[in-house]
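Have a look at the structure below, then the notes.
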Amino acid sequence: MKNHSHSRRKTNIFHQRFVLLALSWCCIAAVLPVRAADEATLPAGTSSAAASEPEAPPSGPPAAAPVSTAAPTENVVVNLINLMVKRGLLLPQDAENLVAQAETEAAAAREKQVLAQAQAGAAKPAPAAGQPVSEQSASGSGEDVRVTYVPEFIKDEMRDQIKQDVLAQAREENWAAPRSFPEWAKHFRFNGDVRMRYEGDMYPQGNDTTGGLIDFNAINKGSPFDTSAVSNPAFFPTYNADQDRNRIRLRARFGMEVDLTNGFTTGLRVATGETNSPTSQNQSFGLPNAGGQGGDFSNYAIWLDRGFIKYETGGQPDKKLAVNLGRFDNPFFSPSQLVWDSDLAFDGLAVQGRYQASESLAPFGTIGGFPIFNTDLNFASNQPQKFRSEDKWLLGAQGGVEWKISKDFTLKTAAAFYDFENIEGRLSSPKAPLTSSDAFDTDGTRPSFAQKGNTYMALRNIVPDAYNSFGTQNMFQYYGLATPFKDLVLSSRLDYSGFDPLHVWLSGEYVKNVAFDRARLNAFAQNNLNGGPGGSYAGGDSGWTAALNFGSVALQKRWDWNANFGYKRVESDAVVDGFTDSDFGGGGTNLQGYSVGGNVMISPHITAGLNWMSATSVAGPTFGEDVFQFDINAKF
């Protein structure tokens, strides 16, 4: 109701100002005398009464009689107002107010004019017999009305200027303008992008096709795998390593941010995705997901990708503090995808700070806590006694500095420590399962999402007995990460702007898992082994990447471009494979190889890109994958 009243007041104000403008022009048109185009204007200071008195007849032909027009009567003004009331342009009460206001202002103007004439000692001459009476005001008070000739082109210019001024003020003050937005709408900012991608996944000859590339993620997301069937024989789920694939993929994202004032901002974003993968919003055309969406022109799923509340303070050039709560973009400085995929969202709380210590030096830092996994409240659902929660957390801290080394060189470098609490698997209490639905007390320690590369261990301590024919059947098993993860990460980017607007920048990262436990891995590892099952552990705990880039740092106008060349080596247990790059080598760890690519802006909101990535395995079964991508991305 308040908004309606506010809009109504603005509409009435607009109508009143429009009516005043119309009345003003009606009065000007009625009062001003029509004169010949070549007639000279009255001398300055000459009253209309004096101008109306005839001068002594000059010698020669008699002069033409002056032409005058009658001043507007009260009926004309009232009729105009009544007509506007009839046509709905003005409310009756507003019409009465306008008439009263006009009479008040006219009286005040007359008093001011009389006072000025009295002070100047001006006296009105009485009209002689036969002489015309001077023009008087509509009130009949006998006051002189000063009349000055205004040419038509001057009146046209005045009319256009007043019209422009009034319309400009109307737009600025939102006088019921149909194209204006209410004040609250100005706080909303919308953004999004739609990307079409052709992707070719190609596998060279020589890849392992004997069953060594086990897909532990497929096991952990479904029913436990009966390991007793392996000797029957049967195979674990495995990754594709020999059949090339061609895919057309869509990524569509739409987001909104709302300025809540006083430093607060909130926002959300939705995105496509063939699964709820944290590292990709790609939807392959024609591919149905686990829920049945997609395929045969069916609709595709939409997922909640972002949802956050943000508070910022100290926004001066020399200092800044931001608090993020919810599901938001990566808050850490990450110049590559060695540790974190570029599409990954962080759930939880992050605090970011930056201080401009001098013109060339700006330290910064970030700390945060992020829940990774929370056990089902009713786990295990098929028994009355419940198991304890196997909550997993990420605690992260990063500190760094941005240093303007010289006019052309800028270095940004940082060190971070990421502590993954309870992310590793744990061996369960001894038990003999009767069916595949029987739960064990450490089933919750298995990853809810993974790509490939990490080393896994069996979670269930299954007791051989008569129920499972002493280990020959019903050996239902899940798998968890075989080592803890506490990553120390060094990140740097060196930028050279001597070719401005083109830049050259070198970026790189190094990571080491300081919680790596080789003895534990040798005892429990199920993959990444020399010589297959029964062999010794062959993985590693570190990784690094470097990339050389040239071109525009940000693509902003048509034909802006950039190109890059990089190399990466990430060992099996350097980082959690579920959070790292999802494109290189098909995603995950235990990969090494190079990448080359480039992007160009072909329209103010359209970019095209090409990427080629070639990767091979570091340890374990032989694996290689080449990935080619061609992208068209529309962003708004």
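The values are calculated or read from the model by the stated rules, or taken from the named source; none is laboratory data. Quantities reported herein were computed from a predicted structural model and do not represent experimental measurements. All Cβ positions, even for glycine, are placed from backbone atoms using ideal geometry, and neighbour counts span all protein chains on display. Only protein heavy atoms, including side chains, enter the accessible area calculation; ligands, DNA and RNA are left aside. Shrake-Rupley method; radii C 1.70, N 1.55, O 1.52, S 1.80 Å.
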For segment 499-636: accessible area per residue (Å², 1.4 Å): 44
Carbon/sulfur accessible area of segment 497-556, % of total, 1.4 Å probe, equals 57
A student applying the Cα gyration tensor rule (rounded when a/c is under 1.5; otherwise prolate if a/b is larger than b/c, oblate if not) would label segment 323-372 oblate
For segment 180-230, what class follows from the C-alpha gyration tensor (a ≥ b ≥ c being the square roots of its eigenvalues): rounded when a/c is under 1.5, otherwise prolate if a/b is larger than b/c, else oblate? oblate
So who's got an amide H within less than 5 Å of the one on E421, skipping anything under 5 residues away but keeping other chains? H placed 1.01 Å off N, in plane. W393, L394, L395
Using a probe of 1.4 angstrom, how much of the accessible area of segment 320-437 is carbon and sulfur, in percent? 58
Environment charge at F308 (Cβ cut-off 10 Å; Lys +1, Arg +1, Asp -1, Glu -1): +1
Apply the Karplus parameterisation 6.51 cos²θ - 1.76 cosθ + 1.60, with θ equal to phi minus 60°, to every residue of segment 440-451 and state each ³J(HN,Hα) to the nearest whole Hz, in sequence, with x for glycine and proline. 10, 6, 10, 4, x, 7, 6, x, 7, 8, 8, 9
Can you pull the accessible area of M202 for me, 1.4 Å probe, Å² to the nearest 10? 60
Solvent exposure, largest accessible area first (probe 1.4 Å, DNA, RNA and ligands not counted), of I606, I302, I81: I302, I606, I81
Which whole-Hz couplings ³J(HN,Hα) result when phi for each residue of segment 532-539 is put into the Karplus expression 6.51 cos²θ - 1.76 cosθ + 1.60, θ = phi - 60°, listed in order with x for Gly and Pro? x, x, x, x, 7, 5, 10, x
